[in-house]
Amino acid sequence: MKIKIVGLLLILAVGSSIAGDENDWFVPLGLPPKASPRRISAGEAVPPLPLPATPLRRTERKRQPSPATLFGKIIWGETASFTYPGGSACSISDWNLCPADLQQLLQKANRTAGMAYRSEAIDLAGFHGDPAKTPVLFFSGTRTLKLSTRQTDMLRAYVLAGGMIVFDSVAGSPYFYNSVKQMLARTFPDYAVRTIPLDHPFYHMLFDVTKVRIPNHALAEASPLDQVMSQDVPFMEGLYVGCRIAVLVSPCGLGCGWDDHEVPIIKQAVYYDVDSASRLGLNLAAYAVGYAGVGREESKPELFGSLDEGEATDEFVFAQIKHDETWNVHPGGPAALLQRLQHNTSLRVSLKRIPVLPGKDDLSSYTFLYLTGLDDFHLDPSAAAAIRTFLNGAGTLLINNGLGLKGFDRAVRRELKQILPEAGLEPLPLSHPLYRGVFAISQVSYTPAVVNKAGAVTEPFLEGITLNGDLRVIYSPFDMEAGWQGCEHPVIRGLEPESAMQLGINIAMYAMTH
């Protein structure tokens, strides 16, 4: 995208009051230029050092390979000149108001975690669109973000191919933030932007960031974010594709903290302090690296089946409930389980996963339903009634907590009370027949996030609801499906792949034989 040069001279006093116009936020946010060096007078001149008679021989050092690109900083908006009160001038651009933000963050990532990556400026007009070459696209700014339909179409394709986009409202500007939310609603109408919960892996990649300092949050009293920010907790929003944060939005400024300073000039700026911004930024870098493989894996095309309106058969069919939030947490996970079922058991298995809407779709031909998610969700009364009928008709419902998050756990327990008001989840004892199906399971392996919190736990933990003597609802508060998928999901509360696969196979066999 060619930058439009505008003949605009901005002359603002440092710390001046900012009016309501977004152009008042169009100011440099990096460190101000250093003072000109003092010239030495003739009387203070230092004599030159003598040169050696023979030039010193220099040893050529082997050039180290260039680090891989992690962030691409997107060029957008306009450019203008700015004059400081002291008279020094500089050029500013919408996309680069804090020029050293990513460079400083990546230097910290290298020093702190040995993550050697670089950033580069990217013009969307010539962008290759390959997440493997540029895993993260970074937008920074304070004014309204304006992108063409062609550009937003390109960004959507990039995200669905496994890429990640980060938007930093670098000074907490409502203009940039609101324009980003509107653009995302147009570009991703089939995905919702959601608040990232504090127990999400993002906040625990390298540092546990559940408390932050926001120096100027009191200045944002008119903002709907003030109630959250005044509690000194981080606030991030995200758009999930599968289980990963494919788009991350920070309404509170990050970039200046990465560059080790507060936000200059804009008095009403809302931003994280240096320590908070740095810890969040390092977690961001680690998350981008750790989940890049997940993004590529979950972007692979998946085979879905159509609704089976015929008679029920003895074939195991994986019917998955669609709900109003993130229902397709680990694309490819069910297919991997079905392939192992086909290979390791005598079950007749359909390899097509079938999405269903209880209350609208006929469930009578299915014996197995699967429900998963990442956070709060709701089932309408017709859906709850349809699932109740399914369970009372000898169907089995498996519920999996994607990433092992508390918000989904609360929603599961609430919605089950709507479906089965007289019943409640109870832990399954190790003596339950489910653990003695295809595999005799007495021990399982949990992910490090579970072990770090609960210690050296090895006993499998499932909860269930029994109806008429048979187990009809099975709930795993630890993520099994990520284990079915097989690729690493850092910092999730789940089961390691082999344990997850064995439990999944036993559950499927139990559902087909009871």
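The values are calculated or read from the model by the stated rules, or taken from the named source; none is laboratory data. Model, not experiment: these values are computed from the prediction. When we count neighbours, we look across all protein chains shown, and the Cβ atoms used for this are built from the backbone with ideal geometry, even at glycine.
What to note about this one:
- Residue match in the stretch 78-96 (condition: polar (S, T, N, Q), under 21 Å from residue 28 (Cβ atoms) and part of a helix (DSSP H, G or I)): yes
- Condition check for residue 118: among the basic types (Lys, Arg), assigned by TED's automatic domain parsing to the domain that holds residue 26, touching a Pro at 6+ places or on another chain (Cβ under 9 Å) and surrounded by 13 or more Cβ atoms within 10 Å (Cβ to Cβ): yes
- Restricting attention to the stretch 390-399, the residues that are surrounded by 14 or more Cβ atoms within 10 Å (Cβ to Cβ) and not hydrophobic (A, V, I, L, M, F, W, C) total 2.
- The test for being touching a residue at least 40 places away in the same chain (Cβ under 8 Å), of a type outside the set (D, E, K, R) and at negative phi holds for residue 109.
- Taking the numbered list (1) surrounded by fewer than 17 Cβ atoms within 10 Å (Cβ to Cβ); (2) under 35 Å from the mean Cα position of the chain (by Cα) in turn, residue 433 passes all entries but (2).
- Residue check, residue 451 of a type in the set (A, V, I, L, M, F, W, C) and in a helix (DSSP H, G or I): yes
- Within the stretch 125-173, the set of residues being more than 19 Å from residue 72 (Cβ to Cβ) and crowded, with 20+ Cβ neighbours inside 10 Å comprises 142, 143, 171, 172, 173.
- Looking only at the stretch 472-514, residues that are farther than 19 Å from residue 367 by Cα, part of a helix (DSSP H, G or I) and at pLDDT below 95 come to 1 in all.
- A count restricted to the stretch 97-106 and to residues that are in a helix (DSSP H, G or I), surrounded by fewer than 18 Cβ atoms within 10 Å (Cβ to Cβ) and either in contact (Cβ under 8 Å) with a residue 24 or more places away in the chain or among the acidic types (Asp, Glu) (or both) stands at 0.
- Identity of the residue in the stretch 198-226, at pLDDT below 95 and acidic (Asp, Glu), that ends up surrounded by the fewest Cβ atoms within 10 Å (Cβ to Cβ): 221
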